[in-house]
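Structure record follows, encoded as structure tokens.
The values are calculated or read from the model by the stated rules, or taken from the named source; none is laboratory data. In this text the structure is predicted, and so the values were computed from the model without any measurement. Backbone-built Cβ (ideal geometry, glycine too); neighbour counts: all protein chains shown.
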Amino acid sequence: MKTFIQRFGHNILGALHGFDRIRFRGTRRFLANVVGMMNFLWHRQVLLKDFKAFAGNITAEVRRVAEEVAVQQGRPVEYLHNSVMDKEAWARGVAQRDGIRQGLIGVLKVVECCWSYEVGPNRTTKQLELRGKPSRCLHYYHYFMDREVGLAYVRLQTWFPFTVHVGMNGREWLARQMDQIGLGYRRRDNCFTWVKDWARAQELMDEQLRTDWPGLLNRLLDQANPALAIVDPHPMPYYWSMDEGEWASDLAFRAPSALGGTGTASVSPRVVAF
């Protein structure tokens, strides 16, 4: 990147460096391992032979509330038969169609891979045992047009250990920040081709690094499903980590020809580092 900027620096109008698409993973660590889960079941006085019914009742309530959140706000709930559908495009389309500038856009539900538990016999001990293993279960995607970060989603696994993911976009977030202070810009898809004050925009991107991440992520999660408290009457908070992250640089040039003279290069090329 430094070499690229040195080569073309005299033709660069401005640059932005910061988060692109990022996804966080939320885990209740006490429930995310067999020993912890066994202790939890002992605390709740649940026998292994009753685990499936116990877990199924909690899952049913979590699913009910996940959809109730949308129904109460008059937002759509759709089941996907194909998990590879472009969910973000769906959310943007619904938001544009219904004029959603803030709040819940809608909910998608789809069966996807997860890590979960099952109870089965141990052939050596001749007793039931709890096993953690890859599985598949229903997931809910709650899409929001959030007041702070713009378009974001909460993905909720509906079976133990109820792992969640929260996804957002640093450029979408920056657009919200610039809108709030009245800083002019032009945007093309997920990059900015012009900003009235590039230095001020970079300051706003740098502010994202100082975010109260647990506060932001827990707020989005609470909006998606307040019923998660029923999993444990005295729940431990979710432990958050970055599951996937992109750090990108937008470079705006004076003209397409600055990149080689062919006239075909983008005015705002992007370099993305993982």
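Things to note:
- Candidate set: region 44-60, residues that are in contact (Cβ under 8 Å) with a residue 24 or more places away in the chain and surrounded by 14 or more Cβ atoms within 10 Å (Cβ to Cβ); chosen: the one nearest to Thr163 (Cα to Cα): Thr59
- Those residues of region 72-84 which are more than 16 Å from the chain's Cα centre (by Cα) and surrounded by 13 or more Cβ atoms within 10 Å (Cβ to Cβ), in sequence order: Arg75, Pro76, Val77, Glu78, Leu80
- Filter result for Gly103 (in contact with a strand residue (DSSP E or B) (Cβ under 9 Å, 6 or more places away or on another chain) and modelled with pLDDT of 95 or more): yes
- Scanning region 237-274 for residues that are at pLDDT 75 or above and either surrounded by fewer than 18 Cβ atoms within 10 Å (Cβ to Cβ) or among the β-branched types (Val, Ile, Thr) (or both) yields Pro237, Tyr239, Ser241, Met242, Asp243, Glu244, Gly245, Glu246, Trp247.
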